[in-house]
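One structure is given below, encoded as C-alpha cells.
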Amino acid sequence: MNRARVCSIGKRLAVVLLALSPAACAILEGPEPPNPLIGTWTTADNNRVTFKSDAVVVAPDKGKPTTMGKSECNGVYKLAYGRMQTAPLKQLFPLQVDLSAQLKQLLVRPEYPVAEMTCDRGGTTYLMLDDRQLLAIYRDGAVGGIERMTRL
C-alpha cells in the first residue's frame with residue numbers, strides 16, 4: 001500500500017472514531033440514574049409534597065393540591081435537582097441562632113441530594129437526609145424555617 005492510501009484510510013478511520021465517540025460514551029455511561037427525591041413526602045401535619053421530574057405539587061392536609069409554577073410564584077419559579085454542599089446552608093441564618101444550631105445538628109454529611117425551588121423572592125431547599133427522611137429549609141429573605149418530612 002502506498003503512503004497516500006494509508007493516510008486516506010487513517011483520516012477516514014479518525015472521522016469514524018470521532019463520530020462514534022459520543023455514542024460509545026453514552027452506551028458506557030448507561031441510563032441516567034433515577035432521581036432519589038421523586039415521589040411523595042409528608043409532614044407531621046399530613047401536608048404532602050410530591051416531587052416530579054419537572055414539577056413540585058404541594059397538597060395541604062385538607063386542601064386542594066397546587067402544582068407550583070410561575071402563576072403561583074408571582075412570575076418567578078425555578079426547580080433544579082442535584083447535590084448540594086451543606087457548609088453554606090449551616091450559615092444561612094446567622095440572626096436565627098436556634099435555626100443555625102438545628103441545621104448544624106441535622107446536616108452531618110458534607111453534601112446531600114437536593115431539590116432547589118425558587119418561588120417569588122423566597123425559596124425552599126429540600127435535602128434528602130436518607131431514604132425515608134427529607135428536610136425542607138424555607139427561606140424568605142434573611143428569615144428561614146425548617147420542616148422534616150417522611151416518604152410515603
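The values are calculated or read from the model by the stated rules, or taken from the named source; none is laboratory data. In this text the structure is predicted, and so the values were computed from the model without any measurement. With ideal geometry, Cβ positions are generated from the backbone for all residues, glycine too; neighbour counts draw on all protein chains shown.
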Quiz item: If you go through the stretch 37-49 one residue at a time, do you hit one that is among the hydroxyl-bearing types (S, T, Y), out of contact with any Cys (no Cβ under 7 Å at 6 or more places or on another chain), more than 24 Å from R109 (Cα to Cα) and assigned to a loop (DSSP other than H, G, I, E, B)?
Solution: no
Quiz item: Among (1) over 21 Å from S53 (Cβ atoms); (2) modelled with pLDDT of 95 or more, where does M117 come up short?
Solution: (1)
Quiz item: Looking only at the stretch 33-66, which residues are closer than 19 Å to A115 by Cα and among the charged types (D, E, K, R)?
Solution: R48, K52, D54
Exercise. Report yes if D120 is touching a residue at least 60 places away in the same chain (Cβ under 8 Å) and not β-branched (V, I, T), otherwise no.
Key: no
Exercise. Considering only residues that are in contact with a strand residue (DSSP E or B) (Cβ under 9 Å, 6 or more places away or on another chain) and farther than 14 Å from A136 by Cα, look in the stretch 88-99 and name the one that is surrounded by the fewest Cβ atoms within 10 Å (Cβ to Cβ).
Key: L95
Quiz item: Would the stretch 140-149 turn up any residue that is within 15 Å of W41 (Cα to Cα), charged (D, E, K, R) and either assigned to a strand (DSSP E or B) or in contact (Cβ under 8 Å) with a residue 40 or more places away in the chain (or both)?
Solution: yes
Exercise. Within the stretch 37-51, work out how many residues are under 15 Å from the mean Cα position of the chain (by Cα) and loosely packed, with under 13 Cβ neighbours inside 10 Å.
Key: 1
Exercise. Select from the stretch 80-133 the residues that are closer than 23 Å to T150 by Cβ and either outside the structural domain of G145 (by TED's automatic domain parsing) or part of a loop (DSSP other than H, G, I, E, B) (or both) and list them in ascending order.
Key: T86, L107, V108, R109, L129, D130, D131, R132
Practice problem: Tell me which of these D120 doesn't satisfy, since it passes every other one: (1) surrounded by 11 or more Cβ atoms within 10 Å (Cβ to Cβ); (2) on the phi < 0 side of the Ramachandran plot. | Solution: (2)
